[in-house]
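Here it is, the structure in full.
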Amino acid sequence: MSHAVVYLRRTGGGAALSGATLVHARGQAEWSAVLSTPRTRLGPAPTTETPDNSSAASNTPQSPEVRTLSEAQPLAAAATSLASWISKQLATVPGQPELTVCLDLDGSRCGWLSAPGTDETLVAAAISSAQLESQTGEGSNALAWLGAGELGSDFSAQPLAAPSGKGAKAAALAPAQRVVVLATPDLAARLVLDELDKLSITPARVVSLWHVITEVWQSTAPASRSPAAASSSPANPNVVGEVASSAAVAASVIIDPEGRLAWTWSTERGLVACGSMLLRRVVSTPQNAVVSADSGSSALAVIDEPANAPDADAPSLVEITRSDVGRLITEWLAFATQTGVAPSRVVCIGPENLVCAGLDDDLPHASAVSAVGQTLGRVWPNTAVAAQLDPAPIISTLRRAVVQANDLGLPGQRLADKSKGAVSRAVLVDVTDGRAGLPELSRRPGRASRKVYAWNFAMLAVASCLIAALGYKLSSVAGDFAQREIAEKNNLQDLLLEVRDVAPKAKDAFDPAISLRETIREMEQVRREIKPEKPVLAELTRVLNALSELNDTKAELTSLTLGSALAGSLAITVETADTGTVIGQALINQPSGTPWIEWSQGRTRSRIQDGKTSREYSTAGLWKETPRPAQPPRPAATPAKPAETKPTETRPAEPKPDSQPESKPDVRPEAKPAESTPSATPAPAPSTTPPPPDGGRP
């Protein structure tokens, strides 16, 4: 697929269209707005440079010619005319080429901001405070003018950095950092894009001239080498250095014959920093002397004064001085300080009508472009410099961009392929990245977006109609069922009337069955809701049995509470703390049914009353609906002793034969329990307490 680039030339700080150039594989075409220039002033327009901000002055949007637009087309009409012209020109190019819109540098600026991240929303929020930051030295004065315009309406701004990818919330918590920001007035460009969209032309992307310079000249910059090694080539004295492989950061300097110097810093990923400045324009006098328009000569100040006007055929020249180069170096130092990077390669492209003042002393026979390159190489250390003469540097740059796009595709479509040489070393770059283009204009909604919205609306409308039809259908079905229900009830009544003579109690026999079932269901529900009373008396018996085990220990029952809902509590005045422990253990070991109260271990507290110290044991318990777990049997210490000692007493009596008749009735009944199983050991008969059901206590 072929590609084409349309270069929009603007005036008035980017607010009006002055012309356009369409470059494609077959050639180029020019479009010009209807302008009348009855008075043209040579030299730069009045500058707004401030002593403490040379960077801001270098980017100040000025026009080398002050033109009046008394008969100019309105901006909307000019945009419509330009879009129609572009459509006609593209129709003559075979293959329906993809269009790239390139904006000139009129009114565009580049500076830096303090922002917590590189997200577009964060940068837009930081722009509003750029003017305040510039007063304290925290930001670039080159962005102070942004406060006068409205972001998104008068201009667009994007950071020259990779998107953070963490979102605005995560970036808002990060510390502030320096972010290079590119701002471009885009009112005229948006009108042109809208008019192209009406003609069914959707540009593949929108870029600035800085981005095109980066794409074309970044990979053709010279390899890093010492400045002393850079010398004029004998074969071509206008070229300094060699064109070789790319390094980390490359600088490109383009000097336009119209009097504007544009520079860029770039890497393989895209644009890093950029800027521009206006140069003085001079003319040749009839005496073949070059005089600057700022030299104070009133004869060259205004063209339309016949007495002092120069020759109409006198060529217009662009002058660059040592102070201009120093100003460029100062601006580079400022960006190097803020970004932390610096170029190691520089390529300079300029026209033949460039003259220099104070730069060609060492190279009297070299061109002005070579002199500029040599000066940059001497001032900027460890930099390889290449210089090239070109009568139309911007048009040549656009042609190179078209050739690269036709051969390799757009930057967002290129793949890294080092086998094809330095020109093909392109990295896959997202066109929505600010380093590769103007994302806001590239993503501008157009005809395709409107089609998506229209299709979404159509689908929602169809879905609404389907839901309405389904609702109507369900409503009609529900009405039919209601009618059928009424009809069935009427049929039932008719049938009952027909059998009334045969079975007069049919109706009465049907209703009582239903009533009986309902009554039974209600009674079962009431029975499930009634809860049985808790066995309070059984728990009282457990407590009394536990207290009866105190024997001779002195204890006084202070309070006892047993309830059906609130469970129970017990308080006893005891003499020692061990007595309370014995009572608590006795309560725990007492057998119980279900439900039962699970008593806690309790605690004994001391208190002083009327000068006397007393101890009170207190415990509490909760009702448990689950069966009580089986308690381990208590060790029967008292009955075990006779079982062990009686056999020892009978053994010495066995050897006496004379005493056997007398001892047999006494010994045999006692020896049998010792040899029998534990189940037959209810021997301790002296105990008056009956054995418990679980066999745990005597």
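Restricting attention to segment 605-621, which residues are surrounded by 13 or more Cβ atoms within 10 Å (Cβ to Cβ) and aliphatic (A, V, I, L, M)?
Of everything in segment 605-621, just one residue is surrounded by 13 or more Cβ atoms within 10 Å (Cβ to Cβ) and aliphatic (A, V, I, L, M), namely A620.
I need a count of the residues in segment 96-117 that are at pLDDT 85 or above and not β-branched (V, I, T).
12
Collect the residues in segment 2-21 that are among the polar types (S, T, N, Q) and out of contact with any Phe, Trp or Tyr (no Cβ under 8 Å at 6 or more places or on another chain), keeping them in residue-number order. Walk me through how you get there before you give the answer.
Within segment 2-21, the subset among the polar types (S, T, N, Q) is 2, 11, 18, 21.
Those that are among the polar types (S, T, N, Q) and out of contact with any Phe, Trp or Tyr (no Cβ under 8 Å at 6 or more places or on another chain): S2, T11, S18.
Find the strands (runs of 3 or more DSSP E) located wholly in segment 536-632 whose residues include 2 or more that are aromatic (F, W, Y), and list them.
So the answer is 596-599, 612-624.
Please enumerate the residues belonging to segment 540-591 that are of a type in the set (S, T, N, Q) and more than 28 Å from T613 (Cβ to Cβ).
Within segment 540-591, T541, N545, S564, N589, Q590 qualify.
Which of the following residues is of a type in the set (V, I, T) and either modelled with pLDDT of 90 or more or in contact with a Leu (Cβ under 9 Å, 6 or more places away or on another chain) (or both): V243, V283?
V283
Restricting the first residue to segment 601-625 and requiring it to be touching a residue at least 12 places away in the same chain (Cβ under 8 Å) and among the aliphatic types (A, V, I, L, M), which pairs with a second residue that is surrounded by 17 or more Cβ atoms within 10 Å (Cβ to Cβ) and not in a strand (DSSP E or B) meet a Cβ separation below 9 Å and a spacing of at least six or different chains?
Going by the 9 Å Cβ cut-off, the qualifying pairs are A620/A567; A620/G602; L622/A567.
Now for a separate question. List the number of the failed condition for N589; all other conditions in (1) closer than 21 Å to P532 by Cβ; (2) touching a residue at least 60 places away in the same chain (Cβ under 8 Å) hold.
Of the numbered conditions (1) closer than 21 Å to P532 by Cβ; (2) touching a residue at least 60 places away in the same chain (Cβ under 8 Å), the odd one out for N589 is (1).
Next question, about the same structure. Restricting to segment 532-552, what's the tally of residues that are closer than 12 Å to G568 by Cα and β-branched (V, I, T)?
2
If we keep just the residues of segment 158-206 that are farther than 30 Å from S84 by Cα and modelled with pLDDT of 75 or more, which is surrounded by the most Cβ atoms within 10 Å (Cβ to Cβ)?
Across segment 158-206, the extreme among qualifying residues is V181.
Quick check, is N59 buried (at least 21 other Cβ atoms within 10 Å of the Cβ), at pLDDT below 50 and under 27 Å from L182 (Cβ atoms)?
Yes.
A further question on this structure: Could you list all residues from segment 445-458 that are closer than 13 Å to I201 by Cβ and either charged (D, E, K, R) or assigned to a helix (DSSP H, G or I) (or both)?
Within segment 445-458, R447, A448 qualify.
Under 7 Å by Cβ, and 6 or more places apart or on different chains, what pairs join a residue from segment 1-24 that is more than 16 Å from V403 (Cα to Cα) with one that is of a type in the set (K, R)?
As it stands, the answer is T11/R67; A16/R10; L17/R10; S18/R9; S18/R10; G19/R9; A20/R9, since those pairs meet every condition given.
OK, next. List the number of the failed condition for G602; all other conditions in (1) under 60 Å from the mean Cα position of the chain (by Cα); (2) crowded, with 19+ Cβ neighbours inside 10 Å; (3) on the phi < 0 side of the Ramachandran plot hold.
Going through (1) under 60 Å from the mean Cα position of the chain (by Cα); (2) crowded, with 19+ Cβ neighbours inside 10 Å; (3) on the phi < 0 side of the Ramachandran plot one by one, G602 breaks only (3).
The values are calculated or read from the model by the stated rules, or taken from the named source; none is laboratory data. It should be emphasised that the depicted structure is a prediction, and the values quoted were computed from it without experimental measurement. In this analysis, Cβ positions are derived from the backbone assuming ideal geometry, glycine residues included, and neighbour counts consider all displayed protein chains.
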